[in-house]
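Engineer: One structure, as structure tokens, below. Some questions next.
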Amino acid sequence: MADVPQYHKPVLFDEVMEALAIKPDGFYIDGTAGGGGHSEGIAQRLQTGRLLSIDQDPDAIAEASSRLKDYTCSIVYQSNFSQMEQVVTHLGLGQADGVLLDIGVSSHQLDTPQRGFSYHHDAPLDMRMSQTGPSASDLVNTLSQQELARIIATYGEEKCARRIAQAIVAARQDQPIATTGRLAEIIKEAVPAAVRRDGHPARKTFQALRIAVNGELDRLSEGLDAAFTVLKPGGRLAVITFHSLEDRMVKQRMAEWCKGCTCPPDFPVCVCGKTPSAHLLHRKPIEAGEKELRENPRSRSAKLRVCIKDKELPNISSEINETKES
């Protein structure tokens with residue numbers, strides 16, 4: 001058996017540690033522990049504090065548990081980060097000083113051929129992060145041409161989605177599509193030559209199927225709300241994304257939390273009574289520096305956004321109006 005790839009140093013490591021402003025006695029949650037790299041960085045900065053590391057992937061749980069076994073502050077728990085609120089309640093841990101979410105497929109998952117995430121290896125067409133439930137093979141062999149085209153266009157932002165979906169449905173008439181290599185070849189033959197010259201033609205379709213298999217955007221939406229709920233006032237939420245669909249959702253959700261009065265600008269006083277529940281640490285996302293880009297090319301698409309949950313303010317209209325008039 002080939003050696004199993006090692007978990008690499010996580011992206012934007014120093015930037016995440018700085019953004020979380022870790023307090024030695026604080027409680028922190030790594031909602032997507034992976035190999036435990038970010039988690040270990042947090043644990044090293046704790047004294048009397050606690051760390052909860054969550055991941056849905058059994059491989060990640062095994063790796064993080066091994067890596068964090070000597071840290072008495074550490075709890076490793078298998079679950080999806082969208083269930084964070086229930087996990088925290090179940091463990092009786094209370095509100096957190098900081099939450100980290102590192103969204104998307106890990107380098108370990110991509111580099112392990114048998115997990116079926118990569119079009120660079122011929123392997124079973126799987127893509128399940130939790131290693132349970134319907135696989136990518138199930139989707140490409142059972143969904144209608146229209147639904148496949150919708151998934152590829154929506155989650156992959158692929159212009160050739162209809163042609164690719166048509167080719168998949170035609171190919172599966174002969175025999176089920178069971179491997180990454182066969183699917184990649186079907187996609188390659190379905191797209192125009194010009195598309196084949198612009199990077200690997202299967203990249204966007206594989207991304208789309210992975211997102212659909214794991215319900216990633218739904219879990220991200222649920223996970224953002226769960227993370228914000230478990231934060232204590234003054235707590236920090238740091239989210240790393242790797243493609244535009246994820247980043248757009250994080251940007252918009254944080255903008256909603258940071259938005260205050262929604263009254264029309266011509267109103268003399270505020271009548272909605274809405275105050276911001278958070279503020280951004282940085283207006284623009286943090287990206288990898290030149291050194292990290294050289295050492296880890298996969299960091300080139302990483303974006304880190306951070307918001308701080310505001311302290312709860314009394315909803316008194318007179319105070320709001322005074323602020324607006326001033």
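The values are calculated or read from the model by the stated rules, or taken from the named source; none is laboratory data. Keep in mind that what you see is a predicted model, and the values were worked out from it rather than measured. Counting neighbours? That spans all protein chains shown, and the Cβs are built from the backbone with ideal geometry, glycine included. Just the protein is used for accessible areas: all its heavy atoms, side chains included, with ligands, DNA and RNA removed. Shrake-Rupley method; radii C 1.70, N 1.55, O 1.52, S 1.80 Å.
Engineer: Enumerate the pairs (first residue in region 102-121 and in a loop (DSSP other than H, G, I, E, B); second residue anywhere and of a type in the set (Gly, Ala, Ser)) with beta-carbon separation below 6 Å, excluding pairs fewer than 6 apart on the same chain, so at least 6 apart or on different chains.
Structural biologist: That search, which allows pairs on different chains as well, returns SER106/GLY34; GLY116/ALA123; TYR119/ALA184; TYR119/ALA202.
Engineer: Which residue out of LEU293, LEU304 is under 20 Å from HIS38 (Cα atoms) and either open to solvent by 60 Å² or more (accessible area, probe 1.4 Å) or part of a helix (DSSP H, G or I) (or both)?
Structural biologist: The unique qualifying residue is LEU293.
Engineer: Right, something else. Working only within region 183-195, note down all residues that are touching a helix residue (DSSP H, G or I) at 6+ places or on another chain (Cβ under 8 Å), closer than 28 Å to GLU246 by Cβ and surrounded by fewer than 18 Cβ atoms within 10 Å (Cβ to Cβ).
Structural biologist: LYS188 - this is the single residue of region 183-195 that is touching a helix residue (DSSP H, G or I) at 6+ places or on another chain (Cβ under 8 Å), closer than 28 Å to GLU246 by Cβ and surrounded by fewer than 18 Cβ atoms within 10 Å (Cβ to Cβ).
Engineer: If you don't mind, there's one more thing I want to ask. So which residues in region 121-155 are modelled with pLDDT under 95, over 18 Å from SER106 (Cα atoms) and open to solvent by less than 60 Å² (accessible area, probe 1.4 Å)?
Structural biologist: Listed by number, the list holds a single entry, GLY133.
Engineer: Name the pairs: first residue in region 253-273 and of a type outside the set (S, T, N, Q), second residue open to solvent by 60 Å² or more (accessible area, probe 1.4 Å) and assigned to a loop (DSSP other than H, G, I, E, B), Cβ to Cβ under 8 Å, at least 6 apart or on different chains?
Structural biologist: Note: pairs meeting the criteria are LYS259/LYS274; GLY260/LYS274; CYS261/LYS274; CYS263/VAL271; CYS272/THR262; GLY273/ASN315.
Engineer: Taking ILE29 and the conditions (1) closer than 24 Å to ARG305 by Cα; (2) open to solvent by 40 Å² or more (accessible area, probe 1.4 Å), which numbered condition does it fall short on, given that it satisfies the others?
Structural biologist: Status for ILE29: all satisfied but (2).
Engineer: Same structure, new question: Would you be able to tell me the number of residues in region 37-71 that are open to solvent by 40 Å² or more (accessible area, probe 1.4 Å), part of a helix (DSSP H, G or I) and polar (S, T, N, Q)?
Structural biologist: 3
Engineer: Of all residues in region 226-277, which are within 30 Å of SER301 (Cα to Cα) and of a type in the set (S, T, N, Q)?
Structural biologist: If the condition is that a residue be within 30 Å of SER301 (Cα to Cα) and of a type in the set (S, T, N, Q), then THR229, THR241, SER244, GLN252, SER277 are the ones that fit.
Engineer: Could you check region 228-266 and list, in sequence order, the residues that are open to solvent by less than 10 Å² (accessible area, probe 1.4 Å) and in contact with a Phe, Trp or Tyr (Cβ under 8 Å, 6 or more places away or on another chain)?
Structural biologist: The one that is open to solvent by less than 10 Å² (accessible area, probe 1.4 Å) and in contact with a Phe, Trp or Tyr (Cβ under 8 Å, 6 or more places away or on another chain): LEU237.
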